Amino acid sequence: MSVLVNGNPTKEFKVFRGLRQGDPLSPFIFVLVTEGLTGLVRKSIEVGEFQSYSIKGACKVDVLQFADDTLIVGDGNWKHVWAVRAVLRAFEVVSGLGINYHKSKLIGINSNSHFLEVVSHFLSCKLEDSSFYFLGIPIGFSPRKETTWHPFFLKLKNRLEDWTNRCLNLGDRITLLKFVLSSLCIFTMYLFKDAGKGGEKI
């Protein structure tokens, strides 16, 4: 069969039995496959090509994964850049999954801007600011600045505006407030902790 795209048929391909979109088994299979990426990063660390980022000697971070979002963390040097590229290429070959580098982003913290630009061209990915949003949570923003919370308030406002068009009784409104708006607040706020001794709690 083939698929029509803007009226033009694509190349013909064979149809095989697989998982339908939205199948509950699909996320579990994806997690199993992405474990291979974690294994490749660990192997790269074992052979000395890549090195985990140490946080004050308390713990080391190399890969953070949540669903289909993956962060590879390391020091900003060419050895690590080559190691990341090799790991991603090996993952593509082994799993058969193609990595969309145009949707991937390079984030540098306290790194040379020229070095980041060269690396972004080398990896064919976009360059992102050190302050960004990950899974809807502001990273690198100051929680004490009003501008940090504008997207969050806008999200709450949009939810409330959607509900105004529905005929909901008082019980339904209270349920939505408790289980939807409160969960958004908790999800966003749990990242922030007190500023330390004598600091104000967020």
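The values are calculated or read from the model by the stated rules, or taken from the named source; none is laboratory data. Everything numeric in this text was worked out from a predicted model, so none of it was measured. Cβ sites come from the backbone with ideal geometry, for glycine too, and all protein chains shown count toward neighbours. Accessible surface areas use protein heavy atoms only, side chains included; no ligands, DNA or RNA. Shrake-Rupley method; radii C 1.70, N 1.55, O 1.52, S 1.80 Å.
Below is a table of values for the structure above.
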item	result
Subset of the range 108-121 that is hydrophobic (A, V, I, L, M, F, W, C), out of contact with any Leu (no Cβ under 8 Å at 6 or more places or on another chain) and outside any loop (DSSP other than H, G, I, E, B) - its residue that is least open to solvent (accessible area, probe 1.4 Å)	PHE115
Residue within the range 18-27 that is at pLDDT 85 or above and hydroxyl-bearing (Ser, Thr, Tyr) present	no
Members of the range 31-71 found to be under 22 Å from SER104 (Cβ atoms) and of a type in the set (S, T, N, Q), listed by number	THR34, THR38, SER44, GLN51, SER52, GLN65, THR70
Selection from the range 61-91 of residues that are under 22 Å from VAL31 (Cα atoms) and loosely packed, with under 13 Cβ neighbours inside 10 Å	LEU64, PHE66, ALA67, ASP68, ASP69, ARG89
Residues of the range 4-52 satisfying the condition of being surrounded by 10 or more Cβ atoms within 10 Å (Cβ to Cβ) and not in a helix (DSSP H, G or I)	PRO9, THR10, LEU19, ASP23, GLU49, PHE50, GLN51, SER52
Residue within the range 53-60 that is open to solvent by less than 70 Å² (accessible area, probe 1.4 Å), touching a residue at least 12 places away in the same chain (Cβ under 8 Å) and hydroxyl-bearing (Ser, Thr, Tyr) present	no
Those residues of the range 123-143 which are farther than 21 Å from ASP69 by Cα and surrounded by 11 or more Cβ atoms within 10 Å (Cβ to Cβ), in sequence order	PRO143
The range 163-172: number of residues that are surrounded by 13 or more Cβ atoms within 10 Å (Cβ to Cβ) and out of contact with any Leu (no Cβ under 8 Å at 6 or more places or on another chain)	0
Which numbered condition MET1 misses (of (1) open to solvent by less than 100 Å² (accessible area, probe 1.4 Å); (2) modelled with pLDDT of 80 or more; (3) part of a loop (DSSP other than H, G, I, E, B))	(1)
Filter result (more than 14 Å from HIS80 (Cβ to Cβ) and without any contact (Cβ under 8 Å) to a residue 60 or more places away in the chain) within the range 96-106	GLY96, GLY98, ILE99, ASN100, TYR101, HIS102, LYS103, SER104, LYS105
Some residue of the range 177-184 being out of contact with any Asp or Glu (no Cβ under 7 Å at 6 or more places or on another chain), surrounded by 12 or more Cβ atoms within 10 Å (Cβ to Cβ), within 21 Å of PHE134 (Cβ to Cβ) and modelled with pLDDT of 75 or more	yes
Flag if VAL84 is of a type in the set (A, V, I, L, M, F, W, C) and farther than 25 Å from ARG42 by Cα	no
Condition met for CYS185 (touching a Lys or Arg at 6+ places or on another chain (Cβ under 8 Å) and of a type outside the set (S, T, N, Q))	no
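Yes or no, residue by residue, for (1) charged (D, E, K, R); (2) over 30 Å from ASP75 (Cα atoms):
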position	(1), (2)
MET1	no, yes
LEU4	no, yes
PHE13	no, yes
LEU19	no, yes
LEU32	no, no
GLU35	yes, no
ARG42	yes, no
GLU46	yes, no
LYS56	yes, no
